[in-house]
Each structure stands twice: as structure tokens, then as C-alpha cells.
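*Asks:* Here you go, one structure.
The values are calculated or read from the model by the stated rules, or taken from the named source; none is laboratory data. Note that the structure is a prediction, hence the values are computed from the model and not measured. Positions of Cβ are generated from backbone atoms using ideal geometry, with glycine treated the same way; all protein chains shown enter the neighbour counts. These area figures cover heavy atoms from the full protein model, side chains too; ligands, DNA and RNA do not enter into them. Shrake-Rupley method; radii C 1.70, N 1.55, O 1.52, S 1.80 Å.
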Amino acid sequence: MKELSLNILDIAMNSVRAGATKVEIRLTETDETLTIAIADDGCGMSPEFLANVLDPFSTTRTTRKVGLGLPLLKMEAEQTGGTVTIESREAKTHPDDHGTVTTAVFYKNNIDFTPLGDVVSSVVTLIQGSPGLRWIYVHETPSGAVDVDTDEMRAVLGDDARMDDPDILAWLDGYLRENYAEISYPLD
């Protein structure tokens, strides 16, 4: 993919398809690395499926027999000298503590590092597409942090506020872009 923000969008959509009610996207950046962790409370994966999830021919989709999101993320991370790990607990065997955590580490100084890109658009798109979920987004950088939590937004706006309301989405887009500008972080 041209931007890591598109990988984030793809992996977070896996969480939505897994029936998650809460998805946390956490980016932790140092001068040398970018770590992307996406955690959900969805149905999780069986140990058998988890063992093969990075195989492009392993997918839960019925519309096609190939799933490239996780294998592409793995390839992009490994090209920089990084790694991808996936931990999952299936709801069937862990009814009170289930979900999946996907963590990718990238080395930013490597020539094969894919830029983050327009992560704001990806976050806003995810919230718009699944407005009933709790979305937590945190990006910690050496120059500061940017974060948003839809539960905190609901606490201010009222429980009846719709996260897919165009006015709320426009505000959210502006809020995130303003926070990135305050820490002088490029979104290109």
C-alpha cells in the first residue's frame, strides 16, 4: 500500500468484521521506529486460524479466497527490518476476555519505509463507517501526542450524538489536523 494509514484502515476493518465494540489504534513513534498496535474486543481467532493468518490464502471472507491485508503489513514491516505479531483470544474459549491485538514495528530510516500518510482521513472514515463502536486513537511522537476517544466525545455531546453526523465528522477532522499541526507533524 502507498501509505501505512491504509493498512490501519484495513486492519481496523477486520476488527469491525470480528464484531468488536471497542477498537484502539495506538501509534508509538520514536526517532527510529513507528509501532502500530490495533487492539479489539472482537470474537478473536482460533489457535488454528491464528497460526495461518499471515498466509495470503488464509481468509474468512466468502467473496474471495485471498486476504492480503495482514500479509502486506508483515511484508512492509519486515522490509524495514521490523516485525508483525498477532495475539488473539477466541470468544468461544475466553468468553470474558477475547479479542485480537496486531502489532507492527517499522524502522523509519530504512529506504523501504512506507510513509504514514493521511491517518486523519483513515480515522475519520473508520468512525463514520462504524459510529456505534468505541474508537480510541492515540499517536505518541517525540514532539507530542494526538488522541481522540469517541466515548469522551459522547460524554461531551450527549449519548444521543451520532458519530457519523457530518458536522461531528468535520469537527473531528479539523480537531485532529489542528493537533497534528500543533506538534508539527506532517500528514503527507
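*Asks:* Once you list every other residue whose beta carbon is under 10 Å from the beta carbon of S15, what net charge do they have if Lys and Arg are +1 and Asp and Glu are -1?
*Replies:* Residues close to S15 contribute a combined charge of -1.
*Asks:* Something else: Report the accessible area of Y185, computed with a 1.4 Å probe over the heavy atoms of all protein chains in place, in Å² rounded to the nearest 10.
*Replies:* Counting only protein heavy atoms, Y185 exposes about 40 Å² to solvent.
*Asks:* Suppose each label sits 7 Å from its Cα in the direction of the beta carbon; what would the T33-A170 distance come out to in nanometres?
*Replies:* Computed distance between label sites T33 and A170 equals 4.2 nm.
*Asks:* Please compute the contact order of the stretch 35-188 in relative form: average sequence separation of alpha-carbon pairs under 8 Å and at least six residues apart, divided by the residue count, as a percent.
*Replies:* Computed value for the stretch 35-188: 20 percent relative contact order.
*Asks:* Let me ask something else about it. Could you tell me how far the Cα centroid of the stretch 86-155 sits from the Cα centroid of the stretch 1-39, in Å?
*Replies:* 4 Å
*Asks:* Which value in deg cm²/dmol, rounded to the nearest 500, describes the helix-derived mean residue ellipticity at 222 nm for the chain, given -39,500 (n - 2.57) per DSSP H run of n ≥ 4 and division by the residue count?
*Replies:* Value at 222 nm, helices only, nearest 500: -11000 deg cm²/dmol.
*Asks:* Same structure, new question: How do K92, K22 rank by accessible surface area computed with a 1.4 Å probe, from largest to smallest?
*Replies:* The most accessible residue leads, giving K92, K22.
*Asks:* Principal axis lengths of the stretch 4-182 from Cα atoms, whole Å, largest first?
*Replies:* Over the stretch 4-182, Cα extents along the principal axes are 43, 41, 29 Å.
*Asks:* Who wins for biggest fluctuation among A77, A155, A39 in a Gaussian network model of the chain, springs between alpha carbons below 10 Å?
*Replies:* A155
*Asks:* Per residue Cα convex hull volume for the stretch 79-150, in cubic angstrom?
*Replies:* That works out to 140 Å³ per residue.
*Asks:* Further question on the same structure: Ordering R162, R26 by how much accessible area each has at a 1.4 Å probe, largest first, what is the list?
*Replies:* R162, R26
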